[in-house]
Amino acid sequence: MKSYKIALIPGDGIGVAVTEAAWDVLGRAAHGGGFKLEGTSFPWSCDFYEKTGAMMPADGIETLRGFDAILLGAVGWPKRVPDSVSLHGLLLPIRKAFVQYANIRPHRLLPGVEGPLRASAFDILCIRENTEGEYAGAGGRVHNGTADEVAVETSIFTRKGVERILRFGFEQARKRRGKLASVTKSNAQKYSMVFWDEITAKLAAEYPDVEVSNYHIDAMAARMVMAPESLDVVVASNLFGDILTDLGAAIQGGLGYAASANINPERNAPSMFEPVHGSAPDIAHLGIANPIAAIWSGAMMLDHLGEAGAAKAVMAAIESATARGIGTEPGKHKTNEITASILAALG
Ligand code: IPM
Ligand code: MN
């Protein structure tokens, strides 16, 4: 029987409960699909940091390298560990080390979920550059604590990095409705964003079957609210994509439904699957976190592993639960009720 090695990093807060829920559902889907998921759980988190002084062991990346995929819950507990420490100690280094340059985030309404917009028939795939740009980590501070203090944080856009994310977007557009929206701010940022636009135009010539539009980030934010049904694949830089995908989560009913996949398309290192939401310390012990975003992310993992049938079955089970009103409103159902309903739908 085919078997996949999965690294589980539940992390902090609600990350623990939603990862457990996703893992239960994935196990059931594997059983139905005739394959095995072999999970190894790592306690890397803010708790781990308080005990050891690091978010993961020094050889954490090398440990993860041996897995077929990583399923992550959420990272962060800002009252105990500054976010800049916890995220730079766990989530962000994994994305970079494993060259997970394509962060894919689907935004559409599940049946039975009412978003805040009048529009309901939208189906957007945001593709966020995930290894460089505004998150490159290039910068520094001098004259610390004085009136002359300076902080510099430089975005880095490389031809290789921009070309590969846009190419990934064009390929996705080809598999979907053939439309690609490239998001920049090239009217104000005249080096990096003009560079991005030029590469978009160059690739557009290679994909004459894909209809390309260019948007500035501010206009795209408005469009996602006013006319989301006009969008198909949206490609953006790391920070722009980060912001747009919280907006995407909002129009699909909230962060409880926003799934994501950090993909290494070359498959020379594991990809990582995680809900867009964070650890939500305010509701962490209430048992009311919506596990749907994590379970949907798990379905994306199955798809990436080549188990498309099982991935479809998980999505159908999620949709059957929400169509019956399960997990469609914050706090209406407990995490375990939503999970049980999805498990039951899986059969
Ligand atoms: C996300 C999150 C992270 C990001 C944070 C926690 C660093 O907001 O996955 O969208 O900005 O990438
Ligand atoms: Mn974000």
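The values are calculated or read from the model by the stated rules, or taken from the named source; none is laboratory data. Computed from a prediction, not measured in an experiment: that's the story for all the values here. So basically every Cβ, Gly included, is an ideal-geometry build from the backbone, and we count neighbours across all protein chains shown. The accessibility values were calculated without ligands, DNA or RNA, using every heavy atom of the protein model including side chains. Shrake-Rupley method; radii C 1.70, N 1.55, O 1.52, S 1.80 Å.
The residue pairs whose first member lies in region 235-263 and is more than 15 Å from GLN100 (Cβ to Cβ), whose second member is within 13 Å of ligand 2 (Cβ to nearest atom) and hydroxyl-bearing (Ser, Thr, Tyr), and whose beta carbons are closer than 7 Å, counting only pairs six or more residues apart or on different chains, are LEU239/TYR135; ALA258/THR245.
In this entry, LEU26 is excluded by the filter for residues that are open to solvent by less than 10 Å² (accessible area, probe 1.4 Å) and either within 16 Å of ligand 2 (Cβ to nearest atom) or small (Gly, Ala, Ser) (or both).
Quick grid of which residues meet (1) surrounded by fewer than 17 Cβ atoms within 10 Å (Cβ to Cβ); (2) assigned to a helix (DSSP H, G or I); (3) of a type in the set (S, T, N, Q); (4) within 16 Å of ligand 1 (Cβ to nearest atom):
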position: PRO208; (1), (2), (3), (4): yes, no, no, no
position: MET220; (1), (2), (3), (4): no, yes, no, no
position: ASP242; (1), (2), (3), (4): no, yes, no, yes
position: ALA261; (1), (2), (3), (4): no, no, no, yes
position: GLU266; (1), (2), (3), (4): yes, no, no, no
position: ILE295; (1), (2), (3), (4): no, yes, no, no
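Of all residues assigned to region 323-330, none qualifies as being open to solvent by less than 50 Å² (accessible area, probe 1.4 Å), among the small types (Gly, Ala, Ser), more than 20 Å from the chain's Cα centre (by Cα) and under 21 Å from ASP68 (Cα atoms).
The condition of being open to solvent by less than 40 Å² (accessible area, probe 1.4 Å), in contact with a strand residue (DSSP E or B) (Cβ under 7 Å, 6 or more places away or on another chain) and away from ligand 1 (no atom under 12 Å from the Cβ) does not hold for PRO275. The condition of being in the same structural domain as ILE124 (by TED's automatic domain parsing) and either over 19 Å from the mean Cα position of the chain (by Cα) or over 25 Å from MET315 (Cβ atoms) (or both) holds for only one of ALA173, ALA188, that being ALA188.
Scan region 301-347 residue by residue and report those that are touching a Ser or Thr at 6+ places or on another chain (Cβ under 7 Å), under 20 Å from ALA17 (Cβ atoms) and in a helix (DSSP H, G or I). Steps first, please.
Start the filter on region 301-347 by keeping residues that are touching a Ser or Thr at 6+ places or on another chain (Cβ under 7 Å), which leaves 304, 321-322, 326, 328, 345.
The next check asks that each one be under 20 Å from ALA17 (Cβ atoms); those that pass are 321-322, 326, 328, 345.
Those that are touching a Ser or Thr at 6+ places or on another chain (Cβ under 7 Å), under 20 Å from ALA17 (Cβ atoms) and in a helix (DSSP H, G or I): ALA321, THR322, ALA345.
Take the residues in region 97-120 that are under 30 Å from LYS160 (Cβ atoms) and more than 16 Å from ligand 2 (Cβ to nearest atom); name whichever of them is surrounded by the fewest Cβ atoms within 10 Å (Cβ to Cβ). Filtering first and then ranking leaves ALA97. Listed by position, the helices (runs of 4 or more DSSP H) contained in region 1-79 that have at least 1 residues being over 17 Å from SER297 (Cα atoms) and under 21 Å from the mean Cα position of the chain (by Cα) are 46-52, 60-65. Taken as a whole, the condition of being within 15 Å of ligand 2 (Cβ to nearest atom) and either open to solvent by 30 Å² or more (accessible area, probe 1.4 Å) or assigned to a loop (DSSP other than H, G, I, E, B) (or both) applies to LEU87.
What do you reckon, is ARG141 surrounded by fewer than 21 Cβ atoms within 10 Å (Cβ to Cβ) and either within 29 Å of VAL225 (Cβ to Cβ) or touching an Asp or Glu at 6+ places or on another chain (Cβ under 8 Å) (or both)? Yes, satisfied.
Every listed requirement among (1) surrounded by fewer than 24 Cβ atoms within 10 Å (Cβ to Cβ); (2) more than 16 Å from ligand 2 (Cβ to nearest atom) is met by LEU255 save one, (2). Taking GLU198, is it within 16 Å of ligand 1 (Cβ to nearest atom) and free of Cβ contacts under 8 Å to residues at least 40 places away in the same chain? No: the conditions fail for GLU198.
From the list ILE199, ILE295, which one is within 15 Å of the chain's Cα centre (by Cα) and of a type outside the set (Gly, Ala, Ser)? I'd like the intermediate steps shown before the answer.
Working: ILE199 fails: within 15 Å of the chain's Cα centre (by Cα).
Exactly one residue qualifies, and that residue is ILE295.
Criterion first (in the same structural domain as ILE318 (by TED's automatic domain parsing), modelled with pLDDT of 95 or more, crowded, with 22+ Cβ neighbours inside 10 Å and on the phi > 0 side of the Ramachandran plot) does GLY34 satisfy it?
No, not satisfied.
Residues in region 222-240 that are away from ligand 1 (no atom under 16 Å from the Cβ) and either part of a helix (DSSP H, G or I) or surrounded by fewer than 20 Cβ atoms within 10 Å (Cβ to Cβ) (or both): ALA222, ARG223, VAL225, MET226, ALA227, PRO228, GLU229, SER230.
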